[in-house]
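Nothing in this text is a laboratory measurement; each read-out follows from the coordinates by a stated rule. The shown structure was predicted, so the numbers you read here are calculated from the model rather than taken from an experiment. For neighbour counting, all protein chains shown are included, and Cβ atoms are generated from backbone atoms with ideal geometry for every residue, glycine included.
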Amino acid sequence: MRPISFLKNALFACLPAGLLLTGCAGAKQEERFSPAVDAAYSVQAEMSYGDGEQAVLVLTRSGAEQWEAAFSDPPTLAGVVLSFDGNAVAASYKGLSFTVPKSALPAKNMLVLVTEVLDSLDGEDGLPCVQQEDGTWLNEGDCGGGQYSLYFTEGGTPAGFDVPSQPLHITFSEYTACLSETAETTAVTEAASTVSESTASESCAEAEKEGTSE
């Protein structure tokens with residue numbers, strides 16, 4: 001009986017260690033993952049937050065700390081646009097500016113959390129991420145609302161954002177790169193410069209032509 005008891009005790013003693021080793025072997029390691037987030041872009045966002053509240057909006061980034069959230073749902077927020085400029089937030093409806101309505105305050109507070117995290121990606125070459133079973137990549141960290149989980153598609157665009165302590169859950173889709181204000185200004189300047197150089201060249205050519213004819 002004693003040898004059998006000894007074997008049972010040894011088996012139960014080794015079992016937790018075996019399970020621990022199995023769990024460690026199955027855990028995925030963090031890898032450096034580069035998000036393909038442009039300086040300016042827009043993305044469709046379906047957001048659930050607070051006590052069962054939901055919203056659908058287009059979230060647009062035009063530059064660092066420059067965001068715009070255009071709501072299409074719920075009906076109480078449909079048509080409302082929140083503009084974020086650093087710490088300042090303005091609201092408008094069909095072009096008319098007004099104070100941020102109380103119905104939009106909870107959504108505004110949630111959007112501040114996600115825009116701050118997305119702004120922090122600017123210039124990031126690689127983030128510590130773990131690839132999920134569905135092919136998405138998960139990056140975790142802390143923000144003003146607590147611990148967050150930020151998901152990316154295999155292509156590097158934002159796929160989801162969660163802050164369980166709020167609670168807040170956002171699903172992103174229809175990512176579209178935009179021309180940032182800085183890039184737009186540069187493009188306009190370059191275009192104007194090209195036109196100016198072309199005009200100058202034409203003027204020089206005309207002058208040379210007139211000089212030759214004389």
- prompt: Mind ordering 57-65, 171-179 by average Cβ neighbours within 10 Å, highest first?
  reply: 57-65, 171-179
- request: Would you mind classifying the stretch 109-159 by shape? Square roots of the alpha carbon gyration tensor eigenvalues, ordered a ≥ b ≥ c; an a/c under 1.5 is rounded, otherwise it is prolate if a/b is larger than b/c and oblate if not.
  value: prolate
query: R0 = 30 Å: FRET efficiency of residue 154 with residue 105, Cβ-based, nearest 0.05?
result: 0.25
- request: Starting with the highest mean, order 93-102, 122-131, 157-166 by the number of other Cβ atoms within 10 Å, averaged over the residues of each peptide.
  value: 157-166, 122-131, 93-102
query: If we count other beta carbons within 10 Å of each Cβ, what is the order of 105, 111, fewest first?
result: 105, 111
